[in-house]
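The values are calculated or read from the model by the stated rules, or taken from the named source; none is laboratory data. Since this is a predicted model, take the numbers as computed values, not measurements. Reconstructed Cβ throughout: ideal geometry from the backbone, glycine too, with neighbour counts over all protein chains shown. Just the protein is used for accessible areas: all its heavy atoms, side chains included, with ligands, DNA and RNA removed. Shrake-Rupley method; radii C 1.70, N 1.55, O 1.52, S 1.80 Å.
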Number of protein chains: 2
Amino acid sequence: MNTQPRLVEVRKNVLKQNDIVARDLRRRFKDAGVFVVSLVSSPGSGKTAFLEKTLTLLGQRCRVAALVGDLATDNDAVRLAGARVPVKQITTGTLCHLEAAMVQTSIEEEAWDLEELEFLFIENVGNLVCPSSYDLGEDLRLVLLSVAEGEDKPLKYPTIFNTADVAIVTKMDLAEAVEFDLAAANSNIQRVRPGMKVLRVSSKSGSGFDEWLQFLTSARASRLHLAS
Amino acid sequence: MNTQPRLVEVRKNVLKQNDIVARDLRRRFKDAGVFVVSLVSSPGSGKTAFLEKTLTLLGQRCRVAALVGDLATDNDAVRLAGARVPVKQITTGTLCHLEAAMVQTSIEEEAWDLEELEFLFIENVGNLVCPSSYDLGEDLRLVLLSVAEGEDKPLKYPTIFNTADVAIVTKMDLAEAVEFDLAAANSNIQRVRPGMKVLRVSSKSGSGFDEWLQFLTSARASRLHLAS
């Protein structure tokens, strides 16, 4: 198709523009001392359940807030309201990913005082492809993979695993029912991104959340330490 | 972002170009008497397992072939080799969807004689957003939704449900373990696309496949009837 090279060129400009906004966001987050975590995964991998549990547990002792992206509906924001922390829904319409400018606009619209926050979570649209190219200024990008999805996802969607910092295997309570092969999943993750940290959780039973929250708190502490 | 309007304009050209190729494909498929079914879903919804079962059962009495799209790996084609029907893997690189031109090229590369086929299946890249805009010349588009994904997917990804003809609820064998609410899922599908046909299957146990294959055979017969 002869329109392809032009599309690539325009897409490069969009990505370049996104990187500029993301860089600015990252500086603001750092200056405010807020640790920003983004979540990417397929639709239905359990991002919202994972976030709900994280916000509820972390919200008891830290100041946290969340931005949640979806094409349509504010279901996720409604679900997360139970966690009693500030949550803002970003509706993207037909756009298959969040962009840094949407994060920026949402923070400004909500007039959140970033210096009052310790953690900000950003849940991306459910998509294992497109979000990989868009930096949101986050400190940590999590890719979630549910046991129901199949162990070869990292090989099939290598870019998203490559651009993420930590892999979270979700729905561990179903592992036996779906005959999940943890060793195979782990080995596929390591093939795509050698050394990647992998955590396993069940948002239903709560298993794995102690380790996850400990990891998160340490990651923030070491970031602040590096920044000082 | 000032590059956005230009991106939209270029994207329109790509879609227009895709539509031209898809129209040509649809005419070729119709002339050859091959019934073409495409499959879209999130990564991990069980497209490949569903296709494997379908090819195996249908392949015993009809001439069938399949094109399977993925960003990377030929895992799906290898898995489907067991069905003993012609299967060709399309690797899209970083592209998050199949385009009509890729289907056209693959058919030409494989030198498949379309007149020899009764059914051709096209498995799209696992993505609930981007494939919705790309016509592949298919007669029937299936959107798959696994019981492990949550009942609100149709509301969150309305466009893909709107552009599909039939919804297939997969992994029914896990319905109880994940507390799947079929009535809620059905009602959400009907809210997005009133009257949409919904079938339920388990590729593991084989339940629901009789009804699915019967539906498929009737759909092809009535298309041929209309065409004659």
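Once you keep just the Cα pairs under 8 angstrom separated by 6 or more residues, what percentage relative contact order results for chain B?
Working: 398 pairs, mean separation 51.9, N = 228.
In percent, rounded to a whole number, it is 23.
Here are some pairs, A:Lys153/B:Lys156; A:Lys53/A:Lys153; B:Lys30/B:Lys156; A:Lys88/A:Lys171; A:Lys153/B:Lys204; A:Lys88/B:Lys153; which of them have Cα atoms lying more than 29 Å apart in this structure? Please report the intermediate quantities before stating the final value.
On the way: A:Lys153/B:Lys156 22 Å; A:Lys53/A:Lys153 24 Å; B:Lys30/B:Lys156 34 Å; A:Lys88/A:Lys171 25 Å; A:Lys153/B:Lys204 19 Å; A:Lys88/B:Lys153 20 Å.
B:Lys30/B:Lys156, as the Cα separations exceed 29 Å there.
Could you state the principal axis extents of the C-alpha atoms in region A:163-208, from the largest down, to the nearest angstrom?
29, 20, 13
Evaluate peptide A:117-127: per residue, the Cβ atoms of other protein chains within 10 Å of its Cβ; return the mean as an integer.
Values: counts 0, 0, 0, 0, 0, 0, 0, 0, 4, 10, 9.
Partner-chain Cβ atoms within 10 Å, mean over residues of A:117-127: 2.
What are the residues whose amide H is under 5 Å from the amide H of B:Ser41, where those residues sit 5 or more places off or on another chain and H is modelled from the backbone?
For B:Ser41, whose amide H was placed from the backbone, the distant partners under 5 Å are B:Asn127, B:Leu144.
Per the Kirkwood formula on distinct C-alpha pairs, the Rh of region A:187-228 is how many angstrom? The partial results should precede the final answer.
On the way: mean 1/r = 0.0824 Å⁻¹.
Kirkwood hydrodynamic radius for region A:187-228: 12.1 Å.
Exactly which GluC sites (Glu not before Pro) in region B:12-108 are in a DSSP loop and have at most 15 other Cβ atoms within 10 Å?
Sites meeting the loop and neighbour criteria: none at all.
Using only the alpha carbons of region B:59-149, what is the convex hull's orientation-averaged projected area in square nanometres?
On the way: hull surface 27.0 nm².
Averaging across all directions leaves 6.8 nm² for the Cα convex hull.
In whole Å, what are the extents of region A:15-105 along the principal axes defined by its C-alpha atoms, from largest to smallest?
Principal-axis extents of the Cα atoms in region A:15-105, largest first: 36, 33, 20 Å.
Count charges around B:Gly59 for me, please; just the other residues with Cβ under 12 Å from its Cβ, Lys/Arg as +1, Asp/Glu as -1. Show your work: numbers first, answer last.
Numbers: positive: B:Lys53, B:Arg61, B:Arg63, B:Arg84; negative: B:Glu52, B:Glu118.
Around B:Gly59, the charge tally is +2.
Tell me what chain A gives for mean residue ellipticity at 222 nm when only DSSP H runs of n ≥ 4 count, each as -39,500 (n - 2.57), the sum divided by the residue total, rounded to 500 deg cm²/dmol.
On the way: 8 runs with 98 residues, N = 228.
Using -39500 (n - 2.57) per qualifying helix, the result is -13500 deg cm²/dmol.
Quick one: Karplus J couplings for region A:144-151, per residue in order, coefficients 6.51, -1.76, 1.60, θ = phi - 60°, nearest Hz, x for Gly and Pro?
9, 9, 8, 4, 7, 8, x, 6
Using +1 at the C-beta of Lys and Arg and -1 at the C-beta of Asp and Glu, which of A:Leu182, A:Val166, A:Leu95 has the Cα lying farthest in the positive direction of the dipole of region A:69-228?
A:Leu182
Which value, in debye to the nearest 20, describes the size of the charge dipole of the protein assembly as shown about its Cα centre when Lys and Arg Cβ atoms bear +1, Asp and Glu Cβ atoms bear -1, and nothing else is charged? It would help to have the intermediate numbers written out before the result.
Values: 54 positive and 60 negative charges, 95 e Å.
The calculation lands at about 460 debye.
Give me the Å³ per residue figure for the convex hull around the C-alpha atoms of the protein assembly as shown. Please report the intermediate quantities before stating the final value.
Details: hull volume 64.4 nm³, N = 456.
It comes to 141 Å³ per residue, whole-number rounded.
Could you work out the pair-distance distribution P(r) of region B:16-60 from its alpha-carbon pairs, with 10 angstrom bin width and percents rounded to whole numbers?
Over region B:16-60, the share of Cα pairs per 10 Å bin runs 22, 34, 37, 7 percent.
Summarise the accessible area of region B:1-141 (1.4 Å probe, protein heavy atoms) by the percent that is carbon and sulfur. Working shown, then result.
Working: 2600 of 5500 Å².
Using a 1.4 Å probe with all protein chains present, region B:1-141 comes out at 47 percent carbon and sulfur.
Specify whether the C-alpha gyration tensor of region B:69-117 places it in the rounded, prolate or oblate class, a ≥ b ≥ c being the square roots of the eigenvalues: rounded for a/c under 1.5, otherwise prolate if a/b is larger than b/c and oblate if not.
Values: a/c = 2.78, a/b = 1.17, b/c = 2.38.
Cα axes put region B:69-117 in the oblate bin.
Name every cysteine in chain A that ends up alone, with no second cysteine's Cβ under 4.7 Å, or say none.
Unpaired cysteines in chain A: A:Cys62.
Peptide B:146-157: average number of partner chain Cβ atoms within 10 Å per residue? Intermediate results must be reported in sequence, preceding the final value.
Values: counts 4, 2, 11, 9, 8, 1, 8, 3, 2, 5, 10, 10.
Rounded to a whole number, the mean comes out at 6.
When only alpha-carbon atoms are used, what values of Rg and Dmax, in angstrom, describe region A:112-172?
13.3, 41
What are the extents of the Cα atoms of region A:106-220 along their three principal axes, listed from largest to smallest and rounded to whole Å?
Principal extents (largest minus smallest coordinate, Cα): 46, 31, 24 Å.
Just the number: Rg to Rh for chain B, Cα atoms, Kirkwood Rh, two decimals. Walk me through the intermediate numbers first.
Numbers: Rg = 17.3 Å, Rh = 18.1 Å.
Result for chain B is an Rg/Rh of 0.96.
Amide H of A:Leu98: which non-local residues (sequence gap of 5 or more, or other chain) have their own amide H closer than 5 Å, using H built in the peptide plane?
Under 5 Å from the amide H of A:Leu98: A:Val125.
Nm distances between the label at A:Thr94 and the same-position labels in the remaining copies, 7 Å along Cα→Cβ, shortest first?
2.3
Report the charge-dipole magnitude of region B:36-191 in Debye, nearest 20, computed about the Cα centre from +1 at each Lys and Arg Cβ and -1 at each Asp and Glu Cβ.
Numbers: 12 positive and 24 negative charges, 60 e Å.
Dipole size: approximately 280 debye.
B:Ile90's amide H: which non-local residues (gap 5+, or another chain) put their own amide H closer than 5 Å, with H modeled 1.01 Å from N in plane and none for Pro or chain starts?
B:Val68, B:Gly69, B:Asp70
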